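Report on the structure given below.
The values are calculated or read from the model by the stated rules, or taken from the named source; none is laboratory data. Only a predicted model underlies this, so the values are computations on that prediction, with no experimental measurement involved. Here Cβ is always computed from backbone atoms with ideal geometry, including for glycine, and neighbour counts include all displayed protein chains. Just the protein is used for accessible areas: all its heavy atoms, side chains included, with ligands, DNA and RNA removed. Shrake-Rupley method; radii C 1.70, N 1.55, O 1.52, S 1.80 Å.
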Amino acid sequence: MANFSNYAESGILNWLFRTNTNNYARPLNLSFALCTNVPVKTSTGASCYELPNANGYARVNLGAPANALFTDITVNGPGGSGYISNVSAISFPAATADWGMVSGIAVVDSGTYGTGNIIVYAALATPRDVKNGKRNV
């Protein structure tokens with residue numbers, strides 16, 4: 001599963017194939033974090049290269065997963081993998097000073113900076129240098 005964290009992959013596999021008591025539970029929270037580098041499979045909410053917790057930066061907390069937040073799964077042709085998209089644009093707070101280069105994003109199961117488990121992560125198609133007063137990445 002490309003771009004799923006080890007945490008998510010292990011949880012999904014346990015949920016599908018095992019009956020142990022450590023089954024993967026649906027996250028109670030989905031938050032988006034901006035990262036200076038692209039997270040890796042072993043990254044966590046504490047080690048994902050997240051922007052510093054300063055200058056107006058904060059994770060965008062969507063709350064609990066809901067159908068209204070994301071599209072139905074779309075499959076890329078016969079035998080292709082599926083994908084899902086957010087329904088609305090996800091806007092971060094305006095920077096109150098330069099944040100620097102952002103090249104990755106992570107979906108984390110906690111809205112609190114520096115905590116939680118990464119569910120999925122990705123590289124931005126075009127890294128962006130977020131300057132003072134800018135809002136969207």
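If you wrap the tightest convex hull around every Cα atom of segment 25-100 and split its volume per residue, you get 146 Å³. Each Lys and Arg Cβ is given +1 and each Asp and Glu Cβ -1; about its Cα centre, the chain then shows a dipole of about 80 debye.
Backbone geometry of segment 37-42 corresponds, through the Karplus equation with coefficients 6.51, -1.76 and 1.60 at θ = phi - 60°, to 3J(HN,Hα) couplings of 10, 6, x, 10, 4, 8 Hz, x marking Gly and Pro.
The candidates VAL120, VAL75, arranged from most to least accessible area with a 1.4 Å probe in the full protein assembly, appear as VAL75, VAL120.
Packing, as the average of other Cβ atoms within 10 Å across residues, places the peptides 63-74, 35-46, 7-18 in the order 35-46, 7-18, 63-74, highest first. Taking the square roots of 5 times each eigenvalue of the Cα gyration tensor of the chain, largest first, gives ellipsoid semi-axes of 27, 17, 14 Å.
Here the Karplus curve 6.51 cos²θ - 1.76 cosθ + 1.60, taken at θ = phi - 60°, turns the phi angles of segment 102-111 into couplings of 10, 10, x, 9, 9, 9, 10, 8, 9, x Hz, with x standing for Gly and Pro.
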